[in-house]
1. Can you find, within the stretch 409-421, the residue that is farthest from the chain's Cα centre (by Cα) among those that are within 8 Å of the ligand (Cβ to nearest atom) and over 14 Å from Ile449 (Cβ atoms)?
2. Pick from the stretch 152-177 the residues that are over 18 Å from Asp287 (Cα atoms) and among the polar types (S, T, N, Q): which of them is nearest to the chain's Cα centre (by Cα)?
3. Scan the stretch 396-408 and tell me whether some residue there is away from the ligand (no atom under 12 Å from the Cβ), of a type in the set (Ser, Thr, Tyr), out of contact with any Phe, Trp or Tyr (no Cβ under 6 Å at 6 or more places or on another chain) and in a loop (DSSP other than H, G, I, E, B).
4. Would you please name the residue that is nearest to the chain's Cα centre (by Cα), looking only at residues in the stretch 293-350 that are away from the ligand (no atom under 16 Å from the Cβ), surrounded by fewer than 19 Cβ atoms within 10 Å (Cβ to Cβ) and of a type in the set (Gly, Ala, Ser)?
5. Check off (1) surrounded by 12 or more Cβ atoms within 10 Å (Cβ to Cβ); (2) in a loop (DSSP other than H, G, I, E, B); (3) at pLDDT below 50 for Thr29 and give me the number that stays unchecked.
6. Within the stretch 209-251, which residues are among the aromatic types (Phe, Trp, Tyr) and surrounded by 21 or more Cβ atoms within 10 Å (Cβ to Cβ)?
7. So, in the stretch 422-480, of the ones that are in contact with a His (Cβ under 7 Å, 6 or more places away or on another chain) and either more than 9 Å from the ligand (Cβ to nearest atom) or among the β-branched types (Val, Ile, Thr) (or both), which residue ends up farthest from His305 (Cα to Cα)?
Amino acid sequence: MALGAEGSLRQRAADATKRSATTAKEAVTTVAGDRPEGSQVGKTWGRARDVSTLNVLICGTIMLTCPLLVIYTWMSCSSFGCSLAAPVEKALAKGVWTLVEEDFPTPTADGFKLYFAWLGFQALLYSYLPGKIGYGQMTPAGFTLPYIVNGLLAWTVTHALFIGSSLGLGLFPASIIHDNWGSLLVASNVYGYFLTVFCYLKAHVAPTHATDRKFSGSAIYDLYMGIEFNPRFGKYFDFKLFHNGRPGIVAWTLINFSFAAAQYQRIGYVTNSMVLLNFLHAVYVLDFFVNEDWYLRTIDIAHDHFGFYLSWGDSVWLPFMYTLQSHFLVRNPVDMSWPYFSFVLALGLAGYYIFRAVNHQKDIVRRTDGQCTIWGKPAKVIRTEFITSDGKVHRSLLLCSGFWGLSRHFNYVGDLTISLAMCLTCGFNGGALPYFYIVYMTILLLQRISRDQERCKGKYGKYWEQYSAAVPYKLIPYIY
Ligand code: NDP
């Protein structure tokens with residue numbers, strides 16, 4: 001590891017954390033007084049501050065019930081072959097308490113050791129593996145933060161070690177994650193809630209960037225949505241990137257692999273559906289790490305504050321709910337016919353192509369300040385201004401040709417297509433559980449469209465209206 005080179009890179013990058021726009025793509029043009037027409041005055045764009053009682057109630061309910069939903073799906077797979085109805089039927093027949101006693105996950109020392117060793121190992125890789133420095137989007141308070149981009153290396157090291165130690169050296173069974181799934185669920189919930197409370201307290205007593213905090217006036221809402229925008233340990237240990245990328249996304253493919261190993265143990269071979277599922281998830285996960293620098297400028301990093309939504313979401317929801325299809329396939333092996341296999345593969349790859357191509361167009365147009373061609377023609381852009389909370393006015397641009405001329409979120413069409421293909425690997429004979437992912441992604445992305453709409457309207461004012469008039473459809477041209 002080139003510690004010296006890395007050290008000097010970090011030193012250079014440290015300067016970028018100062019309140020300054022000098023490293024940002026958006027140049028500072030003037031100071032307060034000359035605000036972009038229609039942009040928010042007295043507060044900057046970003047998360048809502050004035051939340052309704054209903055909103056607070058919804059957030060509180062989600063925090064209390066979401067873990068139960070995850071436990072429910074775990075129980076339905078572990079005890080009832082992934083039938084969603086069976087746990088309810090048992091509760092009705094024998095009482096809820098019997099269900100809890102007999103079918104809820106129980107903590108074990110091994111599960112806890114495994115979980116916290118995994119977390120610690122990922123934290124070490126995140127902190128010490130070499131990587132280039134990437135920059136996030138300018139925050140509402142005017143910071144442009146540096147990130148160490150070493151996710152691809154962390155993913156490779158983790159998978160090589162896991163596969164080498166289990167299949168190569170036989171130190172533990174490759175199905176170890178599957179074998180400890182219930183206890184891992186308990187451990188990750190403990191961590192997810194701990195992290196939520198820790199971040200809430202940290203935001204009050206030791207914030208990383210005090211001016212980028214948002215207080216709603218409701219402790220419940222603040223716990224749920226987070227107060228700090230980019231909580232960090234030191235200059236580089238970024239909570240958001242770490243928790244989303246490592247215990248979340250690195251785990252995704254590792255979990256699938258372990259469940260494929262469990263399927264092999266059970267039936268003596270790995271079905272083509274399990275192979276295809278592993279492949280499609282791996283394409284999606286690897287894309288994330290190959291393009292980790294791009295990810296720094298997506299909504300997760302550029303908009304969301306760090307509360308329960310991300311801390312518990314990354315620790316529990318992502319690894320446990322995004323991998324449901326592999327849990328299903330262990331209990332309900334599906335041998336796909338080759339025409340069906342080819343169809344699902346083609347659908348998945350088409351979805352991936354759209355997803356990547358749309359995201360690439362936005363990235364390239366921003367990186368070249370609009371001086372590029374899109375689909376063989378000069379990019380059409382709307383040049384915009386926005387204001388940060390220090391009163392400075394900055395410039396940016398919105399692409400309105402290519403995929404971004406078809407609809408305002410055509411990248412979500414690609415994402416939904418590949419998500420559907422992942423679910424289709426499970427066939428149609430096993431009930432609804434494997435299709436949870438596509439239903440959830442549809443709700444998530446539709447909600448994102450409306451959140452992003454509000455955010456961009458606040459950030460860009462009249463420029464966003466111009467863009468919305470030029471590109472009227474939000475997702476699917478002529479439909480929505
Ligand atoms: P986008 O990458 O579409 O980012 C939206 C932001 O891009 C806006 O807030 C705005 O930010 C900027 N923007 C909007 N319109 C334009 C335009 N015309 N030209 C240039 N910039 C524009 O959304 P996400 O971050 O939600 O998603 C990124 C990818 O990640 C998507 O492909 C999505 O499908 C995927 N995803 C996957 C999830 C999963 O759980 N699997 C969850 C969420 C997303 P600004 O101007 O401030 O830069």
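1. Among residues in the stretch 409-421 that are within 8 Å of the ligand (Cβ to nearest atom) and over 14 Å from Ile449 (Cβ atoms), the one farthest from the chain's Cα centre (by Cα) is Gly414.
2. In this case the residue turns out to be Ser175.
3. Scanning the stretch 396-408, I find no residue that is away from the ligand (no atom under 12 Å from the Cβ), of a type in the set (Ser, Thr, Tyr), out of contact with any Phe, Trp or Tyr (no Cβ under 6 Å at 6 or more places or on another chain) and in a loop (DSSP other than H, G, I, E, B), so the answer is no.
4. Applying the filter and picking the extreme gives Ala346.
5. Thr29 satisfies all of (1) surrounded by 12 or more Cβ atoms within 10 Å (Cβ to Cβ); (2) in a loop (DSSP other than H, G, I, E, B); (3) at pLDDT below 50 except (2).
6. The answer is Tyr221, Tyr224, Phe229, Phe239, Phe242.
7. By that ranking, first place goes to Met422.
Listed here are the residues, each with its yes/no results for (1) among the basic types (Lys, Arg); (2) closer than 17 Å to Tyr435 by Cβ; (3) not in a helix (DSSP H, G or I).
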| site | (1), (2), (3) |
| --- | --- |
| Val283 | no, no, no |
| Arg297 | yes, no, yes |
| Phe306 | no, no, yes |
| Tyr309 | no, no, no |
| Ser315 | no, no, no |
| Phe328 | no, yes, no |
| Pro333 | no, no, yes |
| Phe343 | no, yes, no |
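The values are calculated or read from the model by the stated rules, or taken from the named source; none is laboratory data. Since we're looking at a predicted model, the values are computed, not measured. Note: ideal-geometry Cβ built from the backbone for every residue, glycine included; neighbour counts use all protein chains shown.
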